[in-house]
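Below is one structure, written out as structure tokens; comments come after it.
Where a number appears in this text, it was derived from the coordinates with a stated rule and is not lab data. None of the values given here were measured: they were computed from a predicted structure. Cβ placement follows ideal geometry from the backbone for every residue including glycine, while neighbour counts extend to all protein chains displayed.
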Amino acid sequence: MGQFSIAVIAGDGAGCEVMPEALRVVDCVAKLDYRRFDWGSEYYLRHGRMMPEDALETLEEFDAILLGAIGHPQIADHVTLNGLLLPIRRGFDQYANVRPAFLYPGVASPLANPGAIDLVVVRENTEGEYAQVGGFLHSGQPEEVAIQSGVFTRRGIERVVRYAFDLARRRDKKRRVTSITKSNAQGFSMVLWDRVFAEVAAEFPDISTESLLVDAAAMNFVRRPASFDVVVGSNLFADILSDLSAILTGSIGLAASANLNPARKHPSMFEPVHGSAPDIAGRGIVNPLAMILSASMMLDHLGLANEARAIEHAVAAVLAEGRCRTADLGGASSTREVAAAVIEKLGR
């Protein structure tokens, strides 16, 4: 029996290619029990839903969830997103979406002089602009109206902002938290966000702060990315900025993420940011490192810090060496070859 039980959902497209490689890497450092679920778009095409009705009850029994990717060219994105990913995030109150962005030695940024990029975007993960509150009126008619409401609660803002400050303390690097806002235009939701951020910040006098409008933040991610430490934003703003930070550090194929329930009342979920990548899925060229690094984040969350660091160091060594890389990083190696290179480094 393994030390922890892990629910494995490879999902769709690229997820089905990177998941086996990540598990091969994890098996080099830890003994875990896996149970695989065939949920996702193919399940939807067979059953009319992305996962069974009792999926959350089934997943509740596990210590963590490892997800590959969700998305299918024949199914609208809002169907796949709201059919699996968002129900798990909300159902298990995984309110902190954590997305590190680190410029590894040996990896080229598209920026000429990026500096030492080492930041984490913390995204509010259960409400905000993704709350799915609204509806259609006169659907399909020329006068059709769509109403989409963002939902921002004091509780939801406070807990994710507090998580960001705690993270800045734990990282003990620049000890800085940047809040992403748009209160000059969104005079209710973002004004509440700004007020709560200021209140929480007052409890952390050892952490410096800044508050940036989201458009200014996008500019400064490009202009001075090395100045950021922990960045906290709403569901939409942080989602967009985290993808930008991934590209600034070389490739979205390196971008890992964690959907955390910090109270540990429910399992947390770990997934790469890159999605199902239908344009390259099935060709054996998808970068597996984001999935591998997501699995490393899972190990760290489970208390296996040494094992997590071993994987991170092996990935860093492969990237620094530069011999084995997938096409997104300018190489010609296969998905399996890159995973094998990480395993080789772990063996050393």
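Ordering of 198-208, 14-24, 234-244 by packing is 14-24, 234-244, 198-208, highest average first (other Cβ atoms within 10 Å, averaged per residue). Ellipticity at 222 nm from helices only: DSSP H runs of n ≥ 4 in the chain, each -39500 (n - 2.57), divided by the residue count, give -11500 deg cm²/dmol. Phi angles across the range 211-220 convert, under the Karplus curve 6.51 cos²θ - 1.76 cosθ + 1.60 with θ = phi - 60°, into 3J(HN,Hα) values of 10, 10, 4, 4, 5, 5, 5, 4, 4, 6 Hz, Gly and Pro given as x. Rounded to the nearest 5, what % of DSSP beta bridges with both residues in the range 155-275 are antiparallel? Bridges in the range 155-275 are about 30 percent antiparallel. Computing FRET efficiency as 1/(1 + (r/R0)^6) for S139 and K31, where r is the C-beta to C-beta distance and R0 is 41 Å, gives about 0.20. To the nearest Å, what is the center-to-center distance of the range 129-165 and the range 10-78, using C-alpha atoms only? If we compute the Cα centre of each part, the gap is 27 Å.
If only the Cβ of Lys and Arg carry +1 and only the Cβ of Asp and Glu carry -1, the dipole of the chain around its Cα centre is close to 920 debye. Applying 1/(1 + (r/R0)^6) with r as the Cβ-Cβ distance of N306 and A216 and R0 = 45 angstrom yields a FRET efficiency of 0.65.
Under the simplified labelling scheme, the D194-E61 pair shows an inter-label distance of 5.0 nm, with each label point 7 Å from Cα along Cα→Cβ. Overall form of the range 164-267: rounded. Here a/c, set by the Cα gyration tensor axes a ≥ b ≥ c, is under 1.5. With unit charges on the beta carbons (Lys and Arg positive, Asp and Glu negative) and the dipole taken about the Cα centre of the range 221-348, which residue among S276, A317, L329 sits farthest to the positive side? With unit charges placed on the Cβ atoms, the residue in question is A317.
Amide H to amide H distances under 5 Å link G331 with T326, where only residues 5 or more positions off or on other chains count and H is placed in the peptide plane.
Looking at the chain, the DSSP beta bridges with both ends there are about 45 percent antiparallel.
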